[in-house]
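What follows is one structure encoded as structure tokens, with my remarks underneath.
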Amino acid sequence: MSAGAVLFYVFAGMTILASLGMVLNVRNTVASAMSLVVAMISLGAIYVLLDAYLVAAIQIMVYAGAIVVLFLFVVMLLNLRTDVFPVTRSRLPKLLGIAASGWGLFAFLKLLHGTLPAVSPAPEGFGGFRELGKALFTSYVLPFEATSFLLLAAIVGAVILAKRRID
Amino acid sequence: MPDLGVILKLLFMVVVVMAALLPVITWVERKQSAVMQDRIGANRADILGIRVLGLLHPLADVLKLFGKEDVVPEGANRFMHLLAPVIALVPGIITLAVVPFAGVYDFGSGPVSMVAADVDWGMLYVFAVGSIATYGTVIAGWSSNSNWGLLGSLRGSAQMISYEVTMGLSLVGLFMCFNSLKLQEIAQAQDMTFRVFGFLEAFGFVHALPRWLSFVKLPLWGILLQPLGFILFLTCIMAENKRPPFDVPEGESEIIAGYHMEYSGMRFGLFYTAEFLEIPVIGMIVATLFLGGWTIPWLSTQKIIGGLTGELGVGAATGLCLILHVLSFLLKVIVMIWLQMQIRWTLPRFRYDQVMDLCWKIMLPLSLANVFVTGIAILVVQRLLR
């Protein structure tokens, strides 16, 4: 087994363990969020193994470095305890979750059943910021700009909601 | 596969920072505060009466910290409490992997780049690793089961996330100028000079100025191309380090010691080390991006090697050039450390709302304007040079 393969299994295992830790840590919200961080970082490592360096850096910078910190921020600010927000016993989310993971398992098994396409080496500059930037600003410029409008609308909405509470 | 060269390069950086710079910086901090406050400063620690200017104080510090009891407060989350100082310390160390301490040399077996991990996305790696450091602060305060600690970590996380945004934006202009994110390429691009008044010729003012003026040359350093970017980036990265004047997360007059209030012994020492370790790391990154990194102004690598080859032969000339570049890099890092110490002991702590206002209302718009102006300038220059 090559070094890359060993690293892949290590980080894949870490991702699965950390994701389980996130879901199963219902009593301790901060531990759950920290498991999510570990999952994000190991996903970033898997992206590096796939030569997707920009995605890996953004994965860690944005998800692990900013978004989960905001989760933690909110959790600590509200000081969530299970006695304040009891664990819901509703059936619907569980059923939906089982259905979604069943579908994922089905798709995975179908993939295993067929023959996998032969792996060709990544083209020159693949996954780098130059190639990705070019693709974003030429082929995908419309979705890119649309996303920026969406984010702007979200920011304005958040500011209005926060301001109403202060006034 | 990691080869011996990579390990040696990494070892060099870690030894320089951890063993040579780090203990001296804690001494410099004490002496600097003494100078600013008109005291003599640290000079009492001695071994058999030998005091060497108080340079033994770091040793005494570490011995004292190791001798203290390692307290985990009641009701604290033990695992997280023990983990937090490690999370705070690690990002600073692993950033060293992408910092070039000298250029690219050919010793007869192909070019060797003097950086442990010569990756194309070097600066993105620095940002990604730096963003992880926030967790050290957040988890430390939360896991201590202390209100002061929690307040400190809330302040810390808000401050660090805010300044990360501006830190990234303040460098976009520099990346546009050097057209790279690779630290080694950015340093190499600064290994040349430019004629300061060369742009006047492009506008047609060839004979308007005295002739000698058109030969005035300056090194092509980031600080000259992006002066505003330099100030913005330095401010942001110092705010990330949470040292005064940005030390609101531990503001001792309001929240005692903030996020690391409940830490004792060497675990407090790890937070202390993390803070001091980041000073040379910041110095290295700023020196590489804005002060030409390992380059020597007005003396490009070709000039040095070419000039020395006649006397020493290619191999020795390259080796000597490597040593000169490492010395030049360390000198710039020391200048940056001095600057940070000067700022730390000159300015008092900002109020919390001032820290936030500075980031979101002043520096973020300025950094956006910097990107815009740089873009236009690059377009104009390209049009003129065509």
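Around A:L54, what is the net charge, scoring Lys/Arg as +1 and Asp/Glu as -1 over all other residues with Cβ under 14 Å from its Cβ? Can you show the working numbers first?
Numbers: positive: A:R130, A:K134, B:K182; negative: A:D51, A:E131, B:D120.
The answer is 0.
What FRET efficiency comes out for the pair B:V71/A:F144, r = Cβ-Cβ distance, R0 = 41 Å, nearest 0.05?
On the way: r = 52 Å, r/R0 = 1.26.
Calculated value: 0.20.
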Once amide hydrogens are built 1.01 Å from N within the peptide plane, the residues lying 5 or more places from B:N145 or on another chain with amide H under 5 Å from its amide H are B:N77
Straight-line reach from A:K110: which lysines have Cα under 27 Å away, leaving out those fewer than 8 places along the same chain?
A:K94
Euclidean distance of C-alpha centroids, segment A:1-48 and segment A:107-131, integer Å
22 Å
Between helix B:301-312 and chain B: long-axis angle, C-alpha atoms, 0 to 90°, nearest 10:
80 degrees
Relative to the longest principal axis of chain B, what angle (0 to 90°, nearest 10) does the C-alpha long axis of helix B:265-290 take?
10 degrees
Take the Cα atoms of segment A:128-167, build their convex hull, and give its volume per residue in Å³.
59 Å³
Would you mind telling me which residue in A:L112, A:L77, A:L24 has the biggest mean-square fluctuation in a Gaussian network model of chain A, where springs connect alpha carbons within a distance under 10 angstrom?
A:L112
Please identify, among A:R91, A:R27, A:R130, the residue showing maximal mean-square fluctuation in a Gaussian network model of chain A using a 10 angstrom Cα cutoff.
A:R91
Take the alpha carbon gyration tensor of segment A:96-167, find the square roots of its eigenvalues, order them as a ≥ b ≥ c, and report rounded if a/c is under 1.5; if not, report prolate when a/b exceeds b/c, else oblate.
oblate
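Give the B-A buried accessible area in Å², both sides summed, 1.4 Å probe, nearest 100.
Working: alone 19210 and 13450 Å², together 30540 Å².
The contact between A and B buries close to 2100 Å².
In whole angstrom, how long is each semi-axis of the equivalent ellipsoid of segment B:235-307, when you take the square root of 5 times every eigenvalue of its Cα gyration tensor and sort them from largest down?
Values: eigenvalues 301, 38, 7 Å².
Computed over segment B:235-307, the values are 39, 14, 6 Å.
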Cβ-Cβ cut-off under 12 Å around B:G103, Lys and Arg +1, Asp and Glu -1: the net charge is -4
How much length is gained on full extension from B:L48 to B:F194, taking 0.36 nm per residue of separation minus their Cα-Cα distance?
47.0 nm
Select from chain A the helices, each a whole stretch of DSSP H, whose alpha-carbon atoms run 20 Å or more along the helix axis and whose Kyte-Doolittle mean is at least 1.0; answer none if there are none.
A:3-24, A:29-49, A:141-166
Can you give the accessible area of B:K9, probe radius 1.4 Å, in Å² rounded to 10?
40 Å²
In segment A:21-46, whose amide N lies under 17 Å from the spot 7 Å out along Cα-to-Cβ of A:V10? List them in ranges.
A:38-46
Amide hydrogen neighbours beyond the local backbone of B:F194, cut-off 5 Å, H modeled:
B:L218, B:L220
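Output the pairs from B:K217/B:K242; B:K31/B:K217; A:K163/B:K361; A:K134/B:K9; B:K9/B:K31 with a Cα-Cα distance over 26 Å in this structure; if there are none, say none. Please report the intermediate quantities before stating the final value.
Working: B:K217/B:K242 38 Å; B:K31/B:K217 38 Å; A:K163/B:K361 17 Å; A:K134/B:K9 34 Å; B:K9/B:K31 32 Å.
Pairs exceeding the cut-off: B:K217/B:K242; B:K31/B:K217; A:K134/B:K9; B:K9/B:K31.
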Alpha-carbon Rg/Rh ratio, for the protein assembly as shown, with Rh computed the Kirkwood way
0.99
Counting only protein heavy atoms, probe 1.4 Å: which residues of segment A:49-66 lose 10 Å² or more of accessible surface in the full assembly compared with their chain by itself?
A:Y53, A:L54, A:A57, A:I60, A:M61, A:A64, A:G65, A:A66
Nonlocal amide H pairs with B:R349, under 5 Å, H built at 1.01 Å
none
Three-way shape label, segment B:1-115, alpha-carbon gyration tensor, a/c 1.5
oblate
For chain A, which whole-number percentage of the solvent-accessible area (1.4 Å probe, protein heavy atoms only) is attributable to carbon and sulfur atoms?
74 percent
Within-14-Å neighbourhood charge of B:F329 [Cβ basis; K, R +1; D, E -1]:
+1
Along the Cα→Cβ direction, 7 angstrom out, place labels at A:D51 and A:A118. What is the inter-label distance in nm?
1.6 nm
Enter the accessible area per residue of segment B:209-262 (Å², integer; probe 1.4 Å; all protein chains in place).
40 Å²
With Cα coordinates, the longest principal axis of chain B makes an angle with the long axis of helix B:78-95, in degrees rounded to 10, of 20 degrees
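Could you tell me which of rounded, prolate or oblate describes chain A, using a ≥ b ≥ c as the square roots of the eigenvalues of the alpha-carbon gyration tensor, with rounded for a/c under 1.5 and, failing that, prolate when a/b is larger than b/c and oblate otherwise?
Numbers: a/c = 1.83, a/b = 1.24, b/c = 1.48.
Judged from the Cα gyration tensor, chain A comes out oblate (a/c at least 1.5, b/c at or above a/b).
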Placing +1 on each Lys and Arg Cβ and -1 on each Asp and Glu Cβ in the protein assembly as shown, then taking the dipole about the Cα centre, the residue among B:P297, B:Y135, B:G54 whose Cα reaches farthest towards the positive end is B:Y135
To the nearest whole number, what is the average tally of beta carbon atoms from other chains within 10 Å of the beta carbons of peptide B:127-139?
5
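The values are calculated or read from the model by the stated rules, or taken from the named source; none is laboratory data. Keep in mind it's a predicted model, so treat the numbers as computed, not measured. For neighbour counting, all protein chains shown are included, and Cβ atoms are generated from backbone atoms with ideal geometry for every residue, glycine included. These area figures cover heavy atoms from the full protein model, side chains too; ligands, DNA and RNA do not enter into them. Shrake-Rupley method; radii C 1.70, N 1.55, O 1.52, S 1.80 Å.
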